[in-house]
Every structure is written in C-alpha cells, then in structure tokens.
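Novice: Quick one: structure below, then a few questions.
The values are calculated or read from the model by the stated rules, or taken from the named source; none is laboratory data. Please read these numbers as outputs of a predicted model, since none were measured by experiment. Cβ atoms come from the backbone with ideal geometry, glycine included; neighbour counts cover every protein chain shown. Side chains included, ligands, DNA and RNA excluded: accessible areas come from the protein's heavy atoms. Shrake-Rupley method; radii C 1.70, N 1.55, O 1.52, S 1.80 Å.
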Amino acid sequence: MGTLDWKNLPFGYIKTDFNIRCHYKDGKWGKPEVSQSEYIDIHIAATGLHYGQEAFEGLKAYMGKDGKIRVFRWDENASRLISSANGIKMAPVPAELFREAIFQAINLNKKFVPPFGSGASLYVRPLLYGSGAEVGVKPASEYTFIVFVTPVGPYFKGGVKPVNMMICRDVDRAAPLGTGIYKVGGNYAASLRALVAAKESGYGSALFLDAREKKYIDECGPANFYGIKNNTYITPKSESILGSITNKSLIQLAGSLGIKTERRQVPVEELAEFSETGACGTAAVITPIGKIVDPEKNKIYEYCKDGKPGELTMKLYNKLVGIQIGDMPDEFGWMTVVE
Ligand SMILES: *Cc1c(COP(=O)(O)O)cnc(C)c1O
C-alpha cells in the first residue's frame, strides 16, 4: 500500500480490500454482502454473458483538504442505473440500496482514497448484470449488483493536457433508437473497433457522429463533447448519447460563471467555428481537445495551438474540481460526505 505512487496512477484497475455484492431473486433484492474476492461465480447460461444484460456506473470519491471524503452527485448515478436497468429490461437497483453499497465500499477501502492534492481519486464502479440462466432470448429472473472501487489517475493521461481525436465515420456506437442513452456494456463493445483504430492512428479517442445522417457530433467514446464560441458552451443534443452527469454539471457551472449554454445539434462543420472544444465525463473530468481530424473528409480542426487548454475550459475545470475536492463552496449541493 505504502508503495502506491498517487501522483502517477493510471486510469486502471488496482486491487483494493473489499467489494460489495447483492443478489436479486424471487422478485426481490437481498442484503448487500461484503466480499474480499476479486472473482465471481457465474452461471454458464447467465444472460449477462450471452445477451448483453449488463449496465454499469462510474463515480468518484475525493479526499478533501479537511480530511473528509466526498462523493460527487451519487444520486444522479443511482437514477441513471435505474434508467439503464429499465432500458435493457433488468431489475433496477433501488437508490437506497445503491447508496448503501457505494458508501460501504468506500468506507471499507478508505486507505485507497488518494490524498488531497495528488490529482487522483477513488473511482467507484457499480455493476449490474443478469445472472439468471436463460437460453431463449428473454430477460433473466435473477440479477447481481456489485460495487468495487479502485484508485485512479485521470483517464486521458497528462491531466489537463489537450488530446487529439479522430472522427469516426465507419462505426456507430449506438443506433438512433438503440441503447446509446443507457450506460450499457454493449455500447462499449460496439465502439471498440473505432476506439482501437483511433488509438492505432495515434489519437486519444474516437469522436462519433450521429448514426442516422452522419452530420452531427454525438460524443467521444466514453465522454460527452462540448465546444465553446462567443462565450457560449455548446453541447450536442442527440437521441443516442449518454447523458453525462459531468456535462450536466458543467452547464450549471457555466451559467454561474456568466457563460451562456446551448444544448442542440452540432453540425460537424461547426467544429471550424469553436475557439475551444473538450471531452467531459467522470473519468475524463474535462479534457481539452487539441486537434480533431476527419480523415475521410480530409479536414483538420485545431484548438489550443499553444498546447495550452483554452481559458473557459480552465475556468470550468477549476470550478468543477474545486467543488469536488472540497476546496470551493458546494453551491449546488452536489457533494455528500462519506461518514
Ligand atoms: C459514462 C459515460 C459518459 C460520462 O458520463 P458521466 O456521468 O459524466 O461520467 C459519457 N459517455 C458515455 C458513453 C458514458 O458511458
């Protein structure tokens, strides 16, 4: 433990001491149980394995200057997991059970919460899947809910360092009326061809367009997209993107900083008009985009040419992170102290 290098943590899995598990059977949820194992016993015919009945969440706990651990907007993650569960016909996890499980997982693994000032945090990963056996295609009658935690550094390495993105026109992560609005593993499986192609070409991530017309920006793999022009924060409205809690918070923060906000369709050509662009999410926090390349159209859009993030991106970043680490007043009531 003493050997963890808090300042250089990857965004990856590091073993912690405990995780929480809970089972749904005969129409009801059981009591959360503490486990020290990193493994699960799973039925070979579980629907989570065969038919993609799986959804997850991601949220973070932060060590404050005052030594208190705070969780960011857990209730939003609880409602989103309910929405994802309903979206793929799984038994939803009641918000109260969600709360109990994440707080217990954090409390039992307190020593893995990275220290204040390290830039790292404790990532909390709730996971729900169909564990009941079915061979015909139908929803399982049994479900398993797991919460594990792992200390992480930023998803895009280098902190608030701009990353480059590649527009992807030959892969869709979600169909217009598909599951793009739910946080389900299947969307990630569908995105991997694009993500791997982008990484192999040296980009930080792929930028997806709307699946219907390929005219509008959807989102960046695991994070929402925003562009800034004329003191306005603009983020895509689409029927196939995941509603990011970070994005929703940035819209509120922008308002409080006197920045106008718009949620609407963002045509690809508008990329040429933005002075700043970025990706936002729990893992990405706010990651400025340095360059967006559209290989098929032979176009390159460049931002932060001096290698530095834009001014409004930094304003938003500092305020969001300030609130999360308890360094700035929690004016929206987003933080819950872990007791
Ligand atoms: C989780 C996720 C995000 C980010 O959402 P946050 O609530 O901000 O963490 C964005 N896009 C996709 C596809 C996601 O799965």
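Novice: Which value in deg cm²/dmol, rounded to the nearest 500, describes the helix-derived mean residue ellipticity at 222 nm for the chain, given -39,500 (n - 2.57) per DSSP H run of n ≥ 4 and division by the residue count?
Specialist: About -7000 deg cm²/dmol.
Novice: Which of Phe116, Cys220, Ser131 sits closest to the plus end of the dipole of the chain, meaning its Cα is farthest towards the positive end, when Lys and Arg get +1 and Asp and Glu get -1 on the C-beta?
Specialist: Comparing the listed Cα positions along the dipole, Phe116 ranks first.
Novice: Please give the length that would be gained between Glu239 and Gln265 if that part of the chain were fully extended, namely 0.36 nm times their separation in residues minus their C-alpha to C-alpha distance (nm, one decimal).
Specialist: Residue separation times 0.36 nm, minus the Cα-Cα distance, leaves 8.3 nm.
Novice: Moving to a separate point now. What shape does the chain take by its C-alpha gyration tensor, where a ≥ b ≥ c are the square roots of the eigenvalues and a/c under 1.5 counts as rounded, a/b above b/c as prolate, and the rest as oblate?
Specialist: oblate
Novice: Net charge within 13 Å of Leu253 by Cβ-Cβ distance, Lys/Arg positive one each and Asp/Glu negative one each, not counting Leu253 itself?
Specialist: Taking every other residue near Leu253 into account, the sum is +3.
Novice: If the elastic network links every pair of Cα atoms under 10 Å, which of Ile286, Ile300, Ile69 fluctuates the most in the Gaussian network model of the chain?
Specialist: Of the options given, Ile300 has the highest mean-square fluctuation.
Novice: Could you tell me the accessible area of Glu239 in Å² (1.4 Å probe, neighbours in place), rounded to the nearest ten?
Specialist: Estimated to the nearest 10 Å², Glu239 gives 90 Å².
Novice: What is the extension gain from Phe332 to Leu177, computed as 0.36 nm multiplied by their sequence separation minus the C-alpha to C-alpha distance, in nm to one decimal?
Specialist: Gain in length upon complete extension: 52.5 nm.
Novice: Could I ask something else about it? At a probe radius of 1.4 Å, what is the per-residue accessible area of Val160, in Å² to the nearest 10?
Specialist: Surface accessible to solvent at Val160 totals approximately 40 Å².
Novice: Here's another thing I want to ask about it. Need the full-extension length gain, His50 to Asp66, defined as separation in residues times 0.36 nm minus the C-alpha distance. One decimal, nm.
Specialist: 1.1 nm
Novice: Oh, and also: When the accessible area of the chain is split by element with a 1.4 Å probe, what percent falls to carbon and sulfur?
Specialist: Carbon plus sulfur share of accessible area: 52 percent.
Novice: Moving on to the next point. With +1 on each Lys and Arg Cβ and -1 on each Asp and Glu Cβ, how big is the dipole of segment 186-339 about its Cα centre, in debye rounded to the nearest 20?
Specialist: 260
Novice: Further question on the same structure: Glu38 versus Ser141, label points 7 Å from Cα toward the beta carbon: distance in nm?
Specialist: Reported label-point gap for Glu38 and Ser141 is 3.6 nm.
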